[in-house]
Amino acid sequence: MEIVYVYVKKRSEFGRQCNFSDRAAEVNVDILPDAVQAMNFVEKDPIDTAVQCASDMSEHEVNTERFEMETRGINHMEGGWPKDVNPLEMEQTIRFRKKVEKDENYINVITQLGSLMDHCIKQNNAINIYEEYFEEEEAAGVTDEPPSAKTINVFR
């Protein structure tokens with residue numbers, strides 16, 4: 001949607017150019033003071049008032065500490081093995097797995113995860129995931145246009 005206003009008048013029809021010139025002052029109206037209003041006048045001394053039509057604005061710059069950033073990546077092929085275990089050697093990985101599986105903490109964690117998974121599986125089996133729950137709602141309009149996006153501003 002474009003926001004455009006097209007002018008249909010020619011430039012010559014907009015109005016004439018202002019032509020200012022110097023001339024003597026001219027009094028158009030002379031209103032005498034009202035004595036009743038003069039009684040309500042209160043003189044304040046000293047008066048210091050600032051009048052500004054626009055709101056106050058300010059600009060502020062700050063030098064902050066430099067943030068050192070680096071990007072790292074790893075090629076995660078298989079498991080988080082300790083440094084002394086070579087994941088490519090089957091014998092070392094089997095030996096490490098047996099050692100970890102004998103650990104008491106490992107057994108406790110697996111039993112807790114088992115009960116949690118059992119609960120999730122029972123929940124899934126109780127719900128018919130293929131049932132139409134919202135039949136009365138209209139389907140969202142499908143368009144043939146591919147989705148698109150554009151960047152308006154990038155702040156750094």
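For the chain, what D do you get in µm² per second when you plug the Kirkwood radius from alpha-carbon pairs into Stokes-Einstein at 20 °C and 1.002 mPa s? The partial results should precede the final answer.
Values: Rh = 31.0 Å.
Calculated translational D: 69 µm²/s.
With every protein chain left in place and a probe of 1.4 Å, what is the accessible surface of Met90, to the nearest 10 Å²?
Met90 exposes around 130 Å² with every protein chain in place.
By accessible area of protein heavy atoms, probe 1.4 Å, what ranking do Cys18, Cys120, Cys53 get, highest first?
Ranked list, largest accessible area first: Cys53, Cys18, Cys120.
Can you sort Phe96, Phe134, Phe14 by 1.4 Å-probe accessible area, starting with the largest?
Phe134, Phe14, Phe96
With the crude spin-label approximation of a point 7 Å out along Cα→Cβ, what separation in nm comes out for Glu65 versus Asp118?
5.1 nm
Near Lys99, which lysines are there with a Cα under 27 Å away, not counting those fewer than 8 places off in the same chain?
Partners within reach: Lys83.
If you stretched the chain out fully between Gln37 and Ser58, how much longer would it get, using 0.36 nm times the residue separation minus the C-alpha to C-alpha distance?
Working: separation 21, 0.36 × 21 = 7.56 nm, distance 4.17 nm.
That pair, Gln37 and Ser58, stretches by 3.4 nm at full extension.
Let me spell out the model: positive unit charges on the Cβ of Lys and Arg, negative unit charges on the Cβ of Asp and Glu, origin at the Cα centre of the chain. What dipole size does that give, in debye rounded to 20?
760 debye
Starting from the Cα of Ala25, step 7 Å along the direction of its Cβ; do the same at Asp103; then give the gap between the two resulting points in nm.
Roughly 9.6 nm, to one decimal.
Show me, for segment 33-42, the HN-Hα J-couplings you get by feeding each phi into the Karplus relation (A = 6.51, B = -1.76, C = 1.60, θ = phi - 60°), rounded to Hz, glycine and proline as x.
Once θ is set to phi - 60°, the couplings for segment 33-42 become x, 8, 5, 5, 5, 5, 5, 7, 6, 10 Hz.
Let me cross-check Val6: its accessible surface, 1.4 Å probe, with only protein heavy atoms counted, in Å² to the nearest 10?
Around 100 Å² of this residue is reachable by solvent.
Mind listing the Cα extents of segment 1-63 along all three principal axes, in Å, largest one first?
The Cα atoms of segment 1-63 stretch 60, 55, 29 Å along their principal axes.
Once ligands and nucleic acids are excluded and a 1.4 Å probe is used, how much of Tyr106 is accessible, expressed in Å² to the nearest 10?
Answer for Tyr106: close to 90 Å² accessible.
The values are calculated or read from the model by the stated rules, or taken from the named source; none is laboratory data. Bear in mind that the values here come from a model prediction, so they are computed numbers and not experimental data. No Cβ is skipped: glycine too gets one built from the backbone with ideal geometry, and neighbour counts run over all protein chains shown. Accessible surface areas use protein heavy atoms only, side chains included; no ligands, DNA or RNA. Shrake-Rupley method; radii C 1.70, N 1.55, O 1.52, S 1.80 Å.
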